[in-house]
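One structure below.
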Amino acid sequence: MTNDSASAHTITFLGTAGARFMVSRQTAASGGIWLDLGGTRLLIDPGPGSIVQATGRGLDPETLSAIILSHRHLDHSADVNIMIEAMTNGGFNRHGRLYAPADAVEQEPVIFSYLRDYIEEVVVLEEGGEYTVGTVTFTTPVRHRHAVETYGMVFTAGGHTFSYIADSGYFDGLAQKYRGEVLIINMLLSKPRPQIAHLSAPEVERIIGAIRPRAALLSHFGMHVWQEDPDKLAADISRKTGVEVIAAKDGMVFDLAKLEEIQP
């Protein structure tokens, strides 16, 4: 259901699948994350099925102000073209921006050339960048360790600050770059696998323990996490860190106003 209140500050998960098998089999959906922050609506990482997940949940892509890609892998960008079409009413309502790393729009573009004229601007993300969309500002504090150019984000809107740690291998100092009341973090692996540049449950626990947000929202689950049960892993991390840790579900809406109910 679309929340038209200009005072709403919500995070909606259009999908929680990570990795090729979870996505290709649609064991969980892979539509990305929809933000409604005081009436400014943003879509992060529209993977396969984003358009179906958004419209099926009563979210209107024409109300989007921007689409943000953390990186160009298919599970994060496959629906970027149809979402631009939808955001701009097929190009008849030229507006909005696309934010993406350089290699997603230059080296191997994920956006069709004709769609560039449908939007106001393509903005290239870079390490240490700061950006403003409507009532929202966000930064990309550090380049992640991943197979392609990848950035997480720190958002500030309506007196709230929250972070999104996208795909990355673990490295010292990663946690220090992110802050806020809420941490959204991609947890693909149940156990560390150094050859795979993704975060595992023990590494996510370490990051959450270092940042100590009011709440941590886990997403982007791989097959092993799914088999071990994201809820159980979240409960274990919560017990060890003392932080409210929630395994996101497809369609889950997290209202930032509920932070007042969570004990610090």
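The values are calculated or read from the model by the stated rules, or taken from the named source; none is laboratory data. Here the structure is a predicted model, which is why all the values come from computation and not from measurement. All Cβ positions, glycine included, derive from the backbone under ideal geometry; neighbour counts span all protein chains shown.
Quick notes on this structure:
- Residue list for segment 19-45, restricted to those being part of a loop (DSSP other than H, G, I, E, B), closer than 13 Å to Ala78 by Cβ, in contact (Cβ under 8 Å) with a residue 40 or more places away in the chain and not acidic (Asp, Glu): Ala29
- Filtered residues of segment 104-150 (kept if closer than 19 Å to Gly47 by Cα and modelled with pLDDT under 95): Glu108
- The set of residues in segment 59-81 being in a strand (DSSP E or B) and more than 16 Å from Glu149 (Cβ to Cβ) consists of Leu64, Ser65, Ala66, Ile67.
- Listed by first and then second residue, the pairs linking a residue in segment 240-258 that is polar (S, T, N, Q) to a residue that is assigned to a loop (DSSP other than H, G, I, E, B), with Cβ atoms under 8 Å apart and 6 or more places separating them unless they lie on different chains, are Thr241/Arg212.
- Selection status of Ile207, buried (at least 18 other Cβ atoms within 10 Å of the Cβ) and either in contact (Cβ under 8 Å) with a residue 40 or more places away in the chain or part of a strand (DSSP E or B) (or both): yes
- Hits in segment 42-60 - residues which are surrounded by 22 or more Cβ atoms within 10 Å (Cβ to Cβ) and either closer than 13 Å to Leu98 by Cβ or of a type in the set (D, E, K, R) (or both): Leu42, Leu43, Ile44, Asp45, Pro46
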